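If you scroll down you'll find the structure; I have some questions about it.
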Amino acid sequence: MARDQVDLTSIERRDDLVHWLAQGVKPKSQFRIGTEHEKFAFTLQGHDPVPYEGPRGIRALLEGMQHLLGWEPIMEGPNIIGLFDVTGGGAISLEPGGQFELSGAQLESVHQTSSELMAHLAQVREVARPLRIGFLGIGMTPTWTRAEMPKMPKGRYKIMTAYMPKVGTLGLDMMYRTCTVQTNLDFASEADMVRKLRVSIALQPVATALFANSPFTEGKPNGYLSFRSEIWRDTDNDRAGMLPWVFEPGMGFERWVDYALDVPMYFIKRGDDYIDVAGQSFRDLLVGKLSALPGTRATISDWANHLSTIFPEVRLKRYLEMRGADSGTLPNLLAVPALWAGLLYDDASLDAAWDLVKGWSTEDRQSLRDAVPKLALAAMVRGRTVLEIAVEVLALARAGLKRRNRCDLGGKDETRYLYVLETRLDRKTAPAQELLDKFHGPWRGSVDPIYADEAY
């Protein structure tokens, strides 16, 4: 979760909210790829969660990263809670349980994403090694209980922690025990946004299956291949899901604004203070009638922050966020932006992807979404397995990246980042299944070897 917005421009009309979203439109020549990934920090001795405080805590890790990178600290009161590059190079932030997130820069190619991620992981290792901290990329912590998870000193998370049990049974697990990787992509017009949003929502369960990587809970198989994805089915259904109305006539920026206005708020921020308005309406804030703060009017910051607390499978801000993938190893982190850029940034592949999914009904999309956490590539939609569909989707992504023709210094294009997915489909398996094979085989019924075998 990137740092909170700071823009105190007052907004009073729904049209202002629509206009803010529409400012995301940009020419195709300015399309960029942003990649965000989360990872669990663990103690090398004992493989425990890393607390915020202490000589070997998350605070020390952030201070070490600040010293190494020269980035500006993000402070909340006396606490450092993140870092950002003032030159636009990205940011480091903390999720509620100390998950360490890189919100990457907006880059022109997956080659640049690769360089960014490799540099970041090398920098993190350099600072973490003397602190005896390691990092694991996986969709859900494989061993720790919810009670063991540390709490980061961020006001918004305190408010969310109090609110989550009121609206679902698994929201605290989402906050404290999961990690994701997402990619952020641009659109050239309102119509282009709608087309990309429809294709990416329909295919998000296919991505979930390809990257399913959360089969363990508290040291045992949990019966799912992506339990992280299952968690989202009972986190807060007012703000999550497959958004069937996106596929209805008349979809556009205005329709998204109306949806977002109906999603209950968590907080508003004034100065350094988070004010708990959980469950209240942004519509009331817009007209100065918020019951918690009568007379207070909405700002651009309030709107941007509110949009960041909506959690559907694909999220619209001034770009589109693909949110369906579990975190994983470095090749998986790079395959996510490669897959979606290949599908969405090439018109021919985007058209073909729409042809693939346009016949699916609301019920088809939802039943696929419901089946994928447990079955991954074996899930079915309209008589076909996700494995069969994924083979087609990957071929479209490959063709799109070929036509994009963004080459590195060695003359190689971006298709090489799909190789991990292509070999996965050849084996007809998901990452979680490979972890389960290790658990039942060389790991001898223990999850603990994961902290050596799968760590960054």
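Throughout, read-outs are computed from the coordinates displayed, never taken from laboratory work. All of these numbers come straight from a predicted model, not from anything done at the bench. Counting neighbours? That spans all protein chains shown, and the Cβs are built from the backbone with ideal geometry, glycine included.
Which distance in nm do the two modelled labels at Asp48 and Glu254 give, with both placed 7 Å along the Cα-to-Cβ direction?
5.8
Work out the length of the dipole vector of the chain about its Cα centre, built from +1 on the beta-carbon of each Lys and Arg and -1 on the beta-carbon of each Asp and Glu, and round it to the nearest 20 debye.
I would put it at about 360 debye.
Leu131: net charge of surrounding residues, Cβ under 11 Å, Lys/Arg +1, Asp/Glu -1, itself excluded?
+3
When Lys and Arg each count +1 and Asp and Glu each count -1, what net charge do the other residues less than 14 Å away from Gly328, Cβ to Cβ, add up to?
Net of charged neighbours comes to -3.
Once you have the Cα-Cα distance between Glu63 and Lys28, take 0.36 nm times their residue separation minus that, and quote the gain in nm to one decimal. Write down the numbers at each step before the final one.
Details: separation 35, 0.36 × 35 = 12.60 nm, distance 3.84 nm.
Taking Glu63 through Lys28 to full extension adds about 8.8 nm, to one decimal.
Considering the dipole of the chain built from charges on the beta carbon (Lys and Arg +1, Asp and Glu -1) around the Cα centre, which of Thr385, Gly137, Tyr176 is farthest to its positive end?
Thr385
What order, most packed first, do the peptides 408-420, 142-154 have when packing is the mean number of other Cβ atoms within 10 Å of each residue? The partial results should precede the final answer.
Working: 408-420: 15.6, 142-154: 18.0.
In descending order of packing, they fall as 142-154, 408-420.
Then there is this: Can you find, among Leu21, Pro49, Phe31, the residue farthest towards the positive end of the dipole of segment 1-64? Put +1 on the C-beta of Lys and Arg, -1 on that of Asp and Glu.
Phe31
Among all the lysines, which ones have a C-alpha under 21 Å from Lys317's C-alpha, if same-chain residues fewer than 8 places away are not counted?
Result set, ordered by chain and number: Lys26, Lys28, Lys196, Lys269.
In addition: Taking a ≥ b ≥ c as the square roots of the eigenvalues of the Cα gyration tensor of the chain, is the shape rounded (a/c under 1.5), prolate (a/b larger than b/c) or oblate?
Rounded shape, in that the Cα axes give a/c under 1.5.
Please work out how much length the chain gains when fully extended from Thr9 to Ser361, using 0.36 nm per residue of separation minus the C-alpha to C-alpha distance, in nm with one decimal.
122.6 nm
Here's something else I'd like to know. By how many nm would the segment from Glu434 to Arg270 grow when fully extended, if each residue of separation counts as 0.36 nm and the alpha-carbon distance is taken off? Display every interim value, and only then the final one.
On the way: separation 164, 0.36 × 164 = 59.04 nm, distance 4.72 nm.
Extending this stretch completely gives an extra 54.3 nm.
Around Leu316, with a cut-off of 14 angstrom between Cβ atoms, what is the net charge of the other residues, counting Lys and Arg +1 and Asp and Glu -1?
Summing Lys and Arg as +1 and Asp and Glu as -1 gives +2.
For the pair Ser115 and Asp85, how long in nm is the line joining their label points, each one 7 Å along Cα→Cβ?
Between Ser115 and Asp85, the simple spin-label model gives 1.0 nm.
Calculate the FRET efficiency for Asp448 and Glu388 from the Cβ-Cβ distance with a Förster distance of 25 Å, rounded to the nearest 0.05.
0.10
How about Lys220: which aspartates and glutamates have a C-alpha closer than 14 Å to its C-alpha, ignoring those fewer than 8 places off in the same chain?
Cα-Cα hits under 14 Å: Asp437, Asp448.
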